[in-house]
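Engineer: I have a structure here, written as structure tokens, and I will follow up with some questions on it.
Just so you know, all these numbers are worked out from the coordinates, no wet-lab data involved. Keep in mind the model is a prediction, meaning the values are calculated, not measured. Cβ: placed from backbone, ideal geometry, glycine included. Neighbour counts: every protein chain shown.
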Amino acid sequence: MAFKINENCISCGACAGVCPMQCIAQGEERYVIDESVCISCGTCASVCPKNAPVEE
């Protein structure tokens, strides 16, 4: 299952910088993950200071 970024996101960009698939981008309210590209590696979750990326 792919990861999704929840409302805890503070738009710091830490997750986007480490994603090996480069599937995280700045959205209107917070960063978003392209679920069709996400490989569920968890790298984004491991660096997020607010635990915003969660596996669906």
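Engineer: Tell me whether the stretch 27-40 contains one or more residues that are free of Cβ contacts under 8 Å to residues at least 12 places away in the same chain, hydrophobic (A, V, I, L, M, F, W, C) and part of a strand (DSSP E or B).
Structural biologist: Within the stretch 27-40 (the criterion being free of Cβ contacts under 8 Å to residues at least 12 places away in the same chain, hydrophobic (A, V, I, L, M, F, W, C) and part of a strand (DSSP E or B)), the answer is no, since none of the residues qualifies.
Engineer: For Met1, indicate whether it is in a loop (DSSP other than H, G, I, E, B) and either out of contact with any strand residue (DSSP E or B) (no Cβ under 7 Å at 6 or more places or on another chain) or free of Cβ contacts under 8 Å to residues at least 12 places away in the same chain (or both). Before you say what the answer is, go through the steps one by one.
Structural biologist: Details: in a loop (DSSP other than H, G, I, E, B): yes; either out of contact with any strand residue (DSSP E or B) (no Cβ under 7 Å at 6 or more places or on another chain) or free of Cβ contacts under 8 Å to residues at least 12 places away in the same chain (or both): no.
No.
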